[in-house]
Structure formats: structure tokens, C-alpha cells
Amino acid sequence: MIGSIAFVIVVAYILRLAYLQLLSSDFKASADNNAFHNNIIYPSRGNIYDRNGELLVFNQPAYDLMVTMREIEDLDTLDFCKTLKMTRKQFDDRMALIKNTSKNPGYSSYTQQLFMNQISSVEYSVLQEKLFRFRGFSVRKRNIRQYAYPNLAHVLGDVAEVSPYDIEKDDYYMAGDYMGKQGVERSYEKDLRGEKGVEVLLRDARGRIQGHYQNGAFDRKPKPGKDLTLSIDIKLQALGERLMEGKLGAIVAIEPKTGEILCMVSSPTYDPRLLEGKERGKKMVEMGQDPLKPLLNRAVLGTYPPGSTFKTSQALTFMQEGVITYKTAYPCSRGFRFGRMKVGCHGHGSPLPLIPAIATSCNGYFCWGLYHMLNDRQKYHTIQDAMTTWKDYMVSMGFGYKLGVDLPSESRGLIPNAQFYDKAFKTWSPLSVISISIGQGEVLLTPLQIANLGATIANRGYYITPHVVKKVKGGALADSLLQKHKTKVAKEYYGYVVEGMRKAVLGGTCKGARNPWFDTCGKTGTAQNPHGQDHSAFMGFAPKDNPQIAICVYVENGKWGATYGVPIGALMMEQYINGKLSPASERKATAFQHRHISYASLIKKELKKMGKELPVVEKKDSAKTKDPKELKKLEEEAKKKAEAAKKAAEEAKKKAAEEAKKKAEEEAKKKAEAAKKAAEEKKRNAVQNAPTTTPVPVSNDSSVVVDSLNAVEPQSQKMRE
Amino acid sequence: MPVQNEQTPKGIFLSLDWMTIGFYLILVTWGWFSICGASYDFHNPDILSFSTNSGKQFVWICTSIVLGCMLIFIEKRVFDQSAFVLYTVMMLLLLVTIFIAPDTKGSRSWIPLGPVKLQPAEFAKFSVALALAKYMDQYGFSMLNTKQFVRVVGIIILPMLLIVMQKETGSALVYLAFFLVLYREGMTGSLLFTAFAAVVYFVVGVRFSSDFFPKMPVSIGEFSVLLLAQIFITGMTYMYGKDRLAPQIMLLGGLGVSLLAFLFSAFVIPFNMCWIMLGLCILQTCYIIGLAIYYQSKNYVLIALFAILSTGMYYVCDTVLDHLADHQRTRIEVLLGKKEDLRGAGYNVNQAKIAIGSGGLAGKGFLKGTQTKLKYVPEQDTDFIFCTVGEEEGFIGATGVLIMYLIFIWRLISLAERQPDTLGRVYGYSVCCIFIFHLFINVGMVLGLTPVIGIPLPFFSYGGSSLWGFTILLFIFLRMDAERNVKRQ
């Protein structure tokens, strides 16, 4: 009897053991949760260099203050708040927010929670001494991004805390991690981030760390991120951003042989340093509300009618399809006329063969070309067939689809096809679509695609996928970035187009691009814009033989291609090929830097779109114009306005600039000392902002400011209105 | 005079039961390794260091073995003659302890002696067992003699009371194990059954008191307890009554009416049929009282008492619960699944289950358990030592320990059965039942099956007093067993 009682007990207990140890897995997980504490060690993020090895982006240590609620003991809140320079209320609010499980779903009183992020080294050194008194608080070191130049914001992108969506998409991330959000920081995130390390620590019932699990057998060392070398030339980029000041638009330059992007300017831009640190969120909102959209990378996301720069692609297509030869001449009597249809053109000799037609940018020639192509019923059965053929040529030149640049987003532009027109019109004829032959109408390209067209012509028939990253240290570029794309046009036909573009520089629309050092080829574009002033565009490359740079300059509302596009393009090519600007070009550059375009109507429209009232507008507007320039001085801002005001007056702009300079130089000599003192801070910034400017123009600027300050006020107000 | 010719040391060594000694050594060694696992300190990995519990336990084990050897040389006659003296001395010691022991975690049971602390309650067991054996060994003793039976119960109850006064309820409950011995010696099983029934009523009643049948205002707990009461009363009447017809009438009548009431409540008009069932129980009780008068039988009187107890049990339960100390009531409620309090009362058991559950089939390996080593399980080297076995040695090791105990207990039973006299047999069964009770409660609480009662697992739990206490218990019996062939006068 007693024996069987013992037997029953033992059997019952063995069954219970079997249930606990063999059948149920919950306990195992609970045990791991109990005992293991994974201490994450963050790798350093890869640095970013320009094509010449200039350090652009690097890391600086910052410290996150973490709190484990359960371990807080006898906290001297007053001392704590004083040390962190916060008020009692901020402290209480922050604690409440951490404990709020609906806003902070990962909350547990046992684990570290982020109390305050990115404490600077200075603040940290103060905190460090007292930290032992604040039980439950600890510091986690991480790196924040630092930028050596105020340029290239759109390409570099930025780094910020991961969102819940990012965590869900990639389980590498945990709440509180940082990842690239835009630019190459995002597209090369996996190379840059490296690999997190982990220490598996044992934690006892009271949360105290008792050492490494199995003497560190499961620990992993962090792998540092890979360094990136961009194909960008930071000097060229800085010049581009300088030239685009006060204008909307983009500049893209490509090395034709390799497809490497030499500069990618989108204007307006911002200082990448604005988006580092605690203020990121605020700045993002502010810039997001700016009607000029400084966050938008117009070089890859802006889609514009390419205007006459597109004619080169048409010439190539027509020749390959046998519609024309280089000898074919079309008449043009101040435009293309057909029945009641008229596409205007400027005065030039008529009829013209291909090369002069390109050089003078004759609209009639290309309208006739397309008309004949689409109307050729012997070659194409229907107009749809003809249109499809035409579209295939365009696509082979990199239009209508994304080029595949290594940035997170890119627009594909628009190349209409037959179906597009079938939908748009009941019946349609070549005349309905004739304006696409001169880069108007439905055709939309990104500045990158226009620059790529330049590279294709420079290469005489192919392009490499444009890309901004030249090298990943210890890694390789994606094959797609090195792929060679041949167009559908034979190499021989490119010669004629190159010739036409060379002629344009020598005696056609691009005369401003001519220089004594190398043979430039170019094509202007003046894109009609139903919303306002025409856009100014320029596409070109240089030198003519063995080209080193192909470029697209696009200035919104810049009027003639020759007004902004050509001179800016010429300066850029000179900078890249010569490595510097000649003194004369330097003066020209300064003049263009200060030649601003008024976008008052655009701003008004954008603000209306955002549903904002006009009084608000003014405030927003001024706040906005300050925004991107926050790091610059007030004086410089005033100076710019002054310059803009001067331009608005119908003075000869170059002359004005030169005069200003001369004056400035004289004054600078006199007041050198005083000016230097007054503008000491400003100098530093200015040097950073415009690395190509020499110290003399800087002090010069400050005197210009003094001169023009009085004149500024009424004018700039007018502009805003 | 006893025949002394075989009582040479050599003869004793030959007739000692070496198998039991072997089991003892295995269990003690196994226990020591478990304590090494449980008390392993990351900052002091030397398991033999005297500053760790494993180091101390090593000393306790050595002294225990010495103590065991010494006990083997003490003749059975000495224990026989000094049984009541020892009992009296131990009871006085328990009484004195209440007043001189310092307050340790609420209990007054530990007497500090220099560097160590001793717990007299652990040593009292063998003296009670001896006194019990000696008393029952007397000529003409019968369990059926009420006066003698009451004295036997008194021998058991006295130390329990004293230990309860030391606020060591857990240790006091161990003495209930002696009632198993009494059963072996002829105590009527109805008493054990009554105890069993009381536990069943209590568990069922408390567990389900606040659960209700769907759509009926009837507490499942109350209904079940009353139904069980009817069945148990009928069963008792069948077992111990003279009237063959009575149980059938009671069973059919009771269950029949209960069923009708249940169906009526379920399908016609929901009402609380517990009142009907309560009435049935009272009817049954009255019927039994009638039988008692009719047959002039004591049995029916006792059955009637049982019936009254059963009927009142459910209504007493809540009152009983209310009179328990808070921590005890919470432990019981947590055990019965009425409450989940993982941070508080349920913490121990939950962490113990986690530790054991995480061991899996083969365990994490010696000294590699994380839960016990990181102190998630409280009292892990004393009362919850079985966790360490479960975590580090897994299902295989834990089952091994249980089977080892089962064999050990079986061996003790067979030794007890072969004793030539009542003294040896009763003592042997006492030893055996104490081990069973410890095993049942200790392992049961770690596995979450019995209430958390702080008593050690013999030979495994850390502690000098308990190890010495069990060693004394066992080796006195081994010496008695070695003399089994010595003829008495």
C-alpha cells in the first residue's frame, strides 16, 4: 500500500516533468528572456569621399542617454534636470512618454529605454562625472554624421532613426537604430552600415550583468561599414551650387566614358548639416513646407520639357531611319507652316541642311523631319507603327524609363507612345504631335536624362548607366551600373550631330560656350512653359574629341537657353577640364552667382496649393529663405537680396557685378582690417560655402553688402509681393 | 538477556544493508553536485571554497558520513531503552527553541551554535519515530484500543504543535507522514479516507466556488462538493455498514433526485438546485442516524459524523481560507489556478517551472544552467534544489532522481517488512514515510502540483540540519536492521 503510494507519486511527477520539459517550449523562451541580455555594439558607418579622395562625410561620437526604469533608485531629479539642462516638467513628460506603451510599444521596465538622444561630447563630459549617482541611467555611444562641405546634400542624403516600417521590412534593425534615409546614405545603406556586433551577457534576477555567456563564445564583433568613393567632384559641385544660387533648376555632369556623375546640383539646395542631430525632424518639416521645395532633387526627380536639346536625338533618329541624310535641307520661313498649323522659329537662312539646322536650332527642320517620318506609309503601315519605332529610338537613348542611377528615387520622365495618343485623341496625325520633335509637347525628361543624352553623343552612340558612386571599399559596384547601353543609331550619324553642336558653339546659339582652351560642343534649349517664363536649358560636352565631360544645365524660367544655360555650362566645363576658373571666368561666375530669378508667382501658387493664406505666406517665405542659409550670415542674405534687386533693375548684369567687384576691391584695401574683424565668422562660412572663392572676393562681398543694404529693402519687398 | 554472540562488529558489518548505504551515498553525492550547480557564483567559481554553499555542504556531507558510522556502533537496545527519554528531551528542546531562537525570516526555529545554525525540528523526527515505535512495541498494544490510539496520536501531535508555535508550519506537516505508518499498523482506513475526502472537498470547492454552470445560478464548486459528499457517504455506508440495502437506496435516491433537479434547472427553470442537494445530504445523514439507532452500531455513528463533516465541508472551506495567513491563502489560490500573481506569490513556482522547462531532454549541462545560476529561482539550493536538477540535467536527470528515490523507498519498505519486531518495523516505516512525504511535497511544489511548503528534499537540499537529521533517521534504522537476526529474549 505505502509502496504503491510512492509509486503513484513518482509516476505522476515523471509525467509532469515530461510535460514541462519535453512537450512545452514556452519555458525555454521565457528562460532565454530571463537570462540573456544582448548588448549591441554599433559599427562605425562608412565614410564618404569624392572622386579626388576629399573626405565629405565622416562620423563623430555622440551619446544616447538610456534609462532602465526598474533600476532607478533615489534619483535626485533636481540635480539630474540641472545636469541635462531640462525642466522638471520636460523630465516628467519624457518619463511618461517612455512608459506609455501605446506610443512606445517596446517598453519594459527591465530593459534600456532611450531617454535622450545625441548628447554632444561636451554635455556628455559633464554628465559622465555624475552618472554614477543616477542609478538606472546609462550612456550608449553611437556615431552621428558630420559633413566637411555644405554641398551635395541631395546626393549624400542623411541618416535618421528607423521607423517601425523599416524595422518590419528588415529585421536587421531594432528600434532606435539609425539608417540612411535619402541619397547614397540610403541606396548604399547595406554597405555603409556595416554589421552590428553583439555581446551575449548573462543577467541575474536583479538585472545585474554577471559576465559573458559561455565566456563570449556567442559574442560577435561589429564589422565597420564600407567607405564609399563618389564619382562627384566636390569642387565642381560647389561651383555648380554657387552658380545656381537664387535659381531653380539642376546641373548634371557625367563623364561619358564611364557614366560617372561628376556633379549633381539641384537648386535650391540646403546645407546637409541642417539635418544632422536632434533638430532633424523640425528642419525636415520646415523645408517640406517651403514652396520652392529644397528637399526635392530636381536633377533626377524634376521632369522638364527638354526643348531644343532634344533635336539632337531627332536628327539621329531621322538619319538612322533614312528620313533624312545630312544633306537633306528643309525650308523654314520663320517656322514650320502646314495649313493653319504653325510652329514658330527665329530668322535664319532657308532652306538649311542638317548641320546648320542644329547650329541655329531651326524648329522647322525637325518638324518636317518628324512629319515625313510619321507620314511614311511605305515604311510604316500605320502612324502607330511609325510612332512605336520613334519611341523605341527614344527609349534606346535612355528616355522614358528610369536610367537606373544609384540613388533611391528617380523619375522616368515621359516619352509618349502610340497608345498614349490613341487614348488622348480620337484620330491623330503627325501634326497633332509635331511639337515633340522640338522637345515640347508631351515629352518630359529629367536633367539627368538630358545630360545622359550629351554623354551618348559624346560617346558617339552608347552610354554607361550614370552613377554617383565610383568605388565601394572592399565591395563591388552593381553590374547594372557598369553596363554599356548602345542606342539604335549607328556611330557614323553621331558625327554629323557632333558637328552641328560644335557649329552651334562656334557660330550658332551657343556662342557663349566658346573658349580658347578646348573644343566645346553644345546645344541650347529654350523650353516653352505654359506657366510662365521659358526654361533655359543647355546640353553639351567637351572636348569634342575624347570628351571628358557631358553636361546638362536646366534653369527654370531662365528664358533663353543662352541666357543662363550656356554660360553656366561653359563655366562648369572649364572648371572641370582646367581644374580651375580663369580670373575672367571667376568674375563671370560671381556675377552669375548673384543673378537671381524671381519666383514670386510660383511661390504664391505653391502656397495656395498648400492652402495657406497670404499673410502666412510672407512669414513663411522669409523664414524659408533663411532656412537653407541658416549657417550663413544675415549680411550675406541681405547682400544677395541686394544683388537680386540690382539685377531686377535693367542694368547690364555683368557690368554691375564687375563694378561692384572693383569697388569692393578698393574698399577692401582700405577697410581690410575692419571688414575682416566684422566678418570674421562670415568668412569661415563663406569659404566653406564657396570653396572656390578667394579671400579677396569675400571681404569684397561684405563691402558690397554695406553699399547695397539701403537699396535692398523696398526692392525685395516688391519681389515678395 | 539478548543473545550477544553475533554482535561482534564484524557480524554487524556483514549484516548491514550495504545496498541502502550505497543508495544513500549516491543520493548525497548527486545532491552535492546539484548544490554546486545551484550555488555556483560567477565571481567565485571555486566550488570547494568554504565561502560557498557547495563548499559548506561538502563539510556537512563528510560529517554526516562520520555521524552515520558512529550510529552504526550504537546497539538497538540503547535506542529501545532511551526512546521515551530522547522523546522527552527533544520535546523540551523544541519548547525551549521557541523562546531562545532568534527571529529568522519570521520563524523561530534556528538555534545558532557558533558558526552554524541548527534546526531542532529536523532532529526531532527520529525521536518521535523511536517513541512511536517503542510505544507500539509494548505488549498488548492495539490500534483498536481507543485509549492507546489517542496516546499514539498524542505522541505525533505534540511535536507538531510545538513546531507550529515556532512558525514552521511546513516542518510540522511532515509529522502527518506518521499517520501512514499507523495505517500500516492497523489503523482503520476510514480515517485516511476521511482526510483524503476532506482534501478533495477543499480543492474542488475552493477551485470552482466562483465558476458557474452556464445559464444556471449554480456554483460548480458547491454542486460538485455536494455530489461527491453523497457518493462518499454512500461508499462509507457500503464499506462499514451492516445493512446491505441501505447503500442502494441512498445511491439511487440521492443521485436520482440530484439528476432530476439538474435537468429541471438546466431545461425548465434555472434555479439553484444546491438547496435540493443539501437537503439530500441532510436526509442521508438522518437516515444513517436512524440506522445507528436501529442497529445500535458505533460504525453508523462514525459514518453519520463523516456525513455531517462532508455536508458542511464546502461551507467551511471559505471560513478556513479566511483564517489562513495571507501568504498561505495566496499560495493555495495560486496553486489552484484561481490567481495568477507572477511577480508575487506565483513568482517562485513560475520561475521554477521556467527553469525546469528550459532544461529539455538532456539539460544544459553541469554548471551551465542559467536560470538557477542567475538567481531567478529563489531558495534554489535549499527548497527549490530540484530546479537545478531539472535545468542542468534535463528530463533524464530529473527522472533519474525520482526513480532513484523510488528504489530507495522500496528498499526501505522491504527492510521494514523484514523486521522481526514491531519496534523495528514501525521505526522503519516511519523513516520511509517521512521520505515519501518530503519527496511528495518538495518535488510537487517545484513542479507546481502541491502548495509551496518549505521543506527540504532529503540529501539534495543544502543544509546541515536536514542532512544530519535524515542521516540519523536512516542509520539508526540500518543498525536496527543489522540486528534483525539477533534473537530477543
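The values are calculated or read from the model by the stated rules, or taken from the named source; none is laboratory data. These numbers come from a predicted model, not from an experiment. As a convention, Cβ positions derive from the backbone with ideal geometry for all residues, glycine included, and neighbour counts pool all protein chains shown. Side chains included, ligands, DNA and RNA excluded: accessible areas come from the protein's heavy atoms. Shrake-Rupley method; radii C 1.70, N 1.55, O 1.52, S 1.80 Å.
Tabulated data for the structure shown
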| quantity | calculated |
| --- | --- |
| Pick from segment A:242-269, criterion assigned to a loop (DSSP other than H, G, I, E, B) and open to solvent by 10 Å² or more (accessible area, probe 1.4 Å), ranking: nearest to A:PRO466 (Cα to Cα) | A:THR258 |
| Single residue of segment B:160-188 satisfying the filter (part of a helix (DSSP H, G or I) and over 17 Å from the mean Cα position of the chain (by Cα)) that is farthest from the other protein chains (Cβ to nearest Cβ) | B:MET165 |
| Segment A:358-389, residues that are in contact with a Gly (Cβ under 7 Å, 6 or more places away or on another chain) and not polar (S, T, N, Q) | A:ILE358, A:ALA359, A:GLY364 |
| Condition check for B:GLY68: open to solvent by less than 30 Å² (accessible area, probe 1.4 Å), at pLDDT below 95 and assigned by TED's automatic domain parsing to the domain that holds B:TYR135 | yes |
| Residue list for segment B:363-405, restricted to those being open to solvent by less than 10 Å² (accessible area, probe 1.4 Å), assigned to a loop (DSSP other than H, G, I, E, B) and under 30 Å from A:ILE2 (Cα atoms) | B:PHE384 |
| Any chance B:LEU86 is touching a strand residue (DSSP E or B) at 6+ places or on another chain (Cβ under 8 Å), in contact (Cβ under 8 Å) with a residue 40 or more places away in the chain and open to solvent by 30 Å² or more (accessible area, probe 1.4 Å) | no |
| Residue that is least open to solvent (accessible area, probe 1.4 Å), among those in segment A:121-154 that are within 22 Å of A:ASP93 (Cα to Cα) and small (Gly, Ala, Ser) | A:GLY136 |
| Per-region count, segment A:304-344, residues over 23 Å from A:ASP376 (Cβ atoms) and buried (at least 21 other Cβ atoms within 10 Å of the Cβ) | 6 |
| Qualifying positions in segment B:228-252 - in a helix (DSSP H, G or I), open to solvent by less than 50 Å² (accessible area, probe 1.4 Å) and either under 12 Å from B:TYR287 (Cα atoms) or in contact with a helix residue (DSSP H, G or I) (Cβ under 7 Å, 6 or more places away or on another chain) (or both) | B:LEU228, B:ALA229, B:GLN230, B:PHE232, B:ILE233, B:THR234, B:MET236, B:THR237, B:ALA246, B:PRO247, B:MET250 |
| Leading residue by the ranking (farthest from A:ALA253 (Cα to Cα)) among those in segment A:560-573 that are of a type outside the set (A, V, I, L, M) and either open to solvent by less than 10 Å² (accessible area, probe 1.4 Å) or out of contact with any Ser or Thr (no Cβ under 6 Å at 6 or more places or on another chain) (or both) | A:GLY561 |
| Some residue of segment B:464-484 being more than 17 Å from the chain's Cα centre (by Cα), in a helix (DSSP H, G or I), among the small types (Gly, Ala, Ser) and under 19 Å from B:SER15 (Cα atoms) | yes |
| Out of B:GLY448, B:GLY454, B:GLY464, B:GLY394, sole residue that is closer than 30 Å to B:LEU321 by Cα and touching a Leu at 6+ places or on another chain (Cβ under 8 Å) | B:GLY448 |
| Test set (1) closer than 23 Å to A:LEU352 by Cα; (2) modelled with pLDDT of 85 or more; (3) surrounded by fewer than 15 Cβ atoms within 10 Å (Cβ to Cβ) - A:ARG502 fails condition number | (3) |
| Identity of the residue in segment B:287-332, outside any helix (DSSP H, G or I) and not assigned by TED's automatic domain parsing to the domain that holds B:ILE220, that ends up farthest from B:ILE276 (Cα to Cα) | B:ALA325 |
| Qualifying position, being within 8 Å of another protein chain (Cβ to nearest Cβ) and at pLDDT 85 or above, among B:ILE396, B:ILE407, B:ILE385, B:ILE356 | B:ILE356 |
| Residue within segment B:427-446 that is crowded, with 21+ Cβ neighbours inside 10 Å, in the same structural domain as B:SER171 (by TED's automatic domain parsing), over 23 Å from B:GLU168 (Cβ atoms) and not aromatic (Phe, Trp, Tyr) present | yes |
| Residue within segment B:139-159 that is crowded, with 16+ Cβ neighbours inside 10 Å, modelled with pLDDT of 90 or more, more than 14 Å from every other protein chain (Cβ to nearest Cβ) and under 17 Å from B:PHE435 (Cα atoms) present | yes |
| Filtered residues of segment A:378-403 (kept if under 18 Å from A:ALA455 (Cα atoms), open to solvent by 40 Å² or more (accessible area, probe 1.4 Å) and assigned to a loop (DSSP other than H, G, I, E, B)) | A:TYR401, A:LYS402 |
| Of all residues making up segment B:358-400, the number that are among the aliphatic types (A, V, I, L, M) and within 24 Å of B:HIS438 (Cα to Cα) | 5 |
| Top-ranked residue of segment B:410-439 - restricted to ones that are part of a helix (DSSP H, G or I) and of a type in the set (Lys, Arg), ranked as nearest to the other protein chains (Cβ to nearest Cβ) | B:ARG411 |
| Filter result for A:LEU239 (part of a helix (DSSP H, G or I), at pLDDT 85 or above, among the aliphatic types (A, V, I, L, M) and not assigned by TED's automatic domain parsing to the domain that holds A:LYS470) | no |
| Leading residue by the ranking (most open to solvent (accessible area, probe 1.4 Å)) among those in segment A:197-210 that are more than 24 Å from A:VAL472 (Cα to Cα) and at pLDDT 75 or above | A:GLU199 |
| Helices (runs of 4 or more DSSP H) contained in segment A:1-120 and holding at least 1 residues open to solvent by 50 Å² or more (accessible area, probe 1.4 Å), within 14 Å of chain B (Cβ to nearest Cβ) and at pLDDT 85 or above | A:2-18 |
| Residue within segment A:460-481 that is open to solvent by less than 30 Å² (accessible area, probe 1.4 Å), in contact with a Lys or Arg (Cβ under 6 Å, 6 or more places away or on another chain), in the same structural domain as A:ILE383 (by TED's automatic domain parsing) and outside any strand (DSSP E or B) present | yes |
| Subset of segment B:91-130 [assigned to a helix (DSSP H, G or I) and touching a Pro at 6+ places or on another chain (Cβ under 7 Å)] | B:MET91, B:LEU93, B:LEU94, B:THR97, B:ALA124, B:VAL128 |
| Residue check for B:ASP322: at pLDDT below 75 and either open to solvent by 30 Å² or more (accessible area, probe 1.4 Å) or within 11 Å of chain A (Cβ to nearest Cβ) (or both) | yes |
| Single match in A:PHE115, A:PHE132, A:PHE137, A:PHE80 (criterion: more than 30 Å from A:ILE232 (Cβ to Cβ) and without any contact (Cβ under 8 Å) to a residue 24 or more places away in the chain) | A:PHE132 |
